[in-house]
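Read through the structure below, which is laid out as structure tokens, and then see the notes.
What follows draws every value from the coordinates through simple rules; no lab data is involved. This one's a predicted model, so the numbers in the text were calculated from it and none came from an experiment. Reconstructed Cβ throughout: ideal geometry from the backbone, glycine too, with neighbour counts over all protein chains shown.
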């Protein structure tokens, strides 16, 4: 009998505790700065000679961001209405920045542009350079604020532009 009972015990499979379910937690995604975007802007012009403050332009912008690690660069084009002259404005150029913050939602950037206002004096060409901060909200929307020096090639630097707006990232 002793040998029969030990043989029966060997035939019974051991009882294994149940394994807990595997829970896969996706990594926390940051704001996706890569690719195309489109948005709107409003610019306040601060002139130095003579001193004057006023809305100078409003319109839309498009751009394309290329992201390598924490660095961003890409072109941007703005089309708008130049308010003092009731004329249109075209300006474009590069921007370069660094992405950081919680979930990579903050972009600090430098930007420059060359633009044209057809009926403005001297002969309507302008340049800007400066920088700004853009903050990602939600999954695809961002808001920005920037300050740029404004110049006219034949005159030199003549003022500052303070611009704010928002972008939708595709």
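The residues 98, 22, 162, when put in order of fewest to most other Cβ atoms within 10 Å, stand as 22, 98, 162. Here the spin labels are modelled as points 7 Å beyond Cα on the Cα-Cβ line, and at residue 79 and residue 110 they lie 3.0 nm apart.
Fewest first, what order do 24, 90 take by the number of other Cβ atoms within 10 Å? Provide the component values of the computation, followed by the final result.
Numbers: 24 4, 90 16.
Fewest-to-most ranking of 24, 90: 24, 90.
Report, as a whole number in µm² per second, the diffusion coefficient that Stokes-Einstein gives for the chain at 10 °C and 1.306 mPa s using the Kirkwood radius over alpha carbon pairs. Translational D for this selection: 83 µm²/s. Measure nothing fancy, just the Cα-based angle from helix 2-11's long axis to the longest principal axis of the chain, in degrees from 0 to 90, nearest 10. With both axes taken from Cα atoms, the answer is about 20 degrees. By other beta-carbon atoms within 10 Å, ranking 16, 160 with the fewest at the front produces 16, 160.
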